[in-house]
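For reference, the structure is listed below as structure tokens.
Taken together, the values in this text are just the output of simple stated rules run on the coordinates, not laboratory data. Values in this document were obtained by computation on a predicted structure and should not be read as measured data. Ideal geometry is used to build each Cβ from the backbone, glycine not excepted, and the neighbour counts take in all protein chains shown.
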């Protein structure tokens, strides 16, 4: 690294450390003189330069009219600065606690809600994420409020991640150039927002993977398409009023043997393991995409399965249900 890059890295680290102490992470922030920063915009710098030029001309030529004009413009400059601060202060920005951690798939748009509470009207307030990891990108159309009405207002920040993993979204930059565009009032707030992106599901057909007729530990066959409770024929029972006629044993009824209904029992099978090494692809991302599809499909059909990635130390024991599905998907995202 060059001397310039080292200096920039050192300055960035010191600035982030200072921001962490001054504006710590929280799900709600209220803008005040502690967390609002104001700097002149390029237009404001040009305006101030013009005022200074007028002042120098008035002083040099001892022209009281030019001096009075420069004083008037300088007073207007300071008044606009105070007005910009008042327009930005007392805004309360909140992220619902249950929305701080978003879950989704790679390539899927995710929306992070912001609730803006105001005790008066505010104008031209903008929200943007600027310090995202390179694996994530955001909507260039920043979320804006042209007029923030008194009460609760809401906006959403769009995130689209192209690569699986767990990411911190960093700080949300909130800024406004109201009024007259002479000053930019801004703040960088940390809402402790995280996102977990699962691998994008990729359909795998039975010819690619032997799961549909693979032998389990007990030597029984497992099927992704099986429905629980109707796998194997069990016995015939006398028809009871109210039972579905779809189960009627028509052959016995046609022979005059009586009205019977067919009953089935669940095929429990053996323990089913989804293994990374069994996926029919050389690319690790493709294999993880196949596993994501299988995890969702097995959960949808309410089957019991386990997940094994690279060794017995990174396996999830067989289970079923949505919580088991989340554990498996998070393991795939972190792998």
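A few points about this structure:
- Each Cα pair under 8 Å and six or more residues apart adds its separation to the average, and for the stretch 19-198 the resulting relative contact order is 30 percent.
- Tilt relative to the chain, helix 3-22 - C-alpha long axis, 0 to 90 degrees, to 10: 80 degrees
- Reduced Cα scattering model of the stretch 19-198, Debye log10 I(q)/I(0), q = 0.12, 0.19 Å⁻¹: -0.64, -1.19
- For the chain: span of alpha carbons on each principal axis (Å, largest first): 122, 55, 30
- For the chain, the relative contact order is 15 percent, taking Cα pairs closer than 8 Å that sit 6 or more residues apart in sequence and dividing their mean separation by the residue count.
- Each label was represented as a point 7 Å from its Cα along the Cα-to-Cβ direction; for residue 50 and residue 69 these points are 1.1 nm apart.
- The slack in the chain from residue 16 to residue 271, taken as 0.36 nm per residue of separation less the alpha-carbon distance, amounts to 86.8 nm.
- Euclidean distance of C-alpha centroids, the stretch 289-311 and the stretch 89-120, integer Å: 31 Å
- Taking Cα atoms only, the orientation of helix 284-300 departs from the longest principal axis of the chain by about 60 degrees.
- Length-normalised contact order for the stretch 37-88 - Cα pairs under 8 Å, 6+ apart - percent: 33 percent
- Once the Cα atoms are used to define both axes, helix 42-61 deviates from the longest principal axis of the chain by about 0 degrees.
- Neighbour-count ranking [beta-carbon atoms within 10 angstrom, fewest first] of 190, 152: 152, 190
- Helix-only CD estimate at 222 nm, as mean residue ellipticity for the chain, using -39500 (n - 2.57) per DSSP H run (n ≥ 4): -10000 deg cm²/dmol
- Cα-based shape type of the stretch 90-135, given that a ≥ b ≥ c are square roots of the gyration tensor eigenvalues and the cut on a/c is 1.5: prolate
- Cβ-based exposure ranking for 5, 302, in which fewest neighbours within 10 Å come first: 5, 302
- Legend: ranking of residues 241, 171, 327, 14 from fewest to most surrounding C-beta atoms inside 10 Å; resulting order 241, 14, 327, 171.
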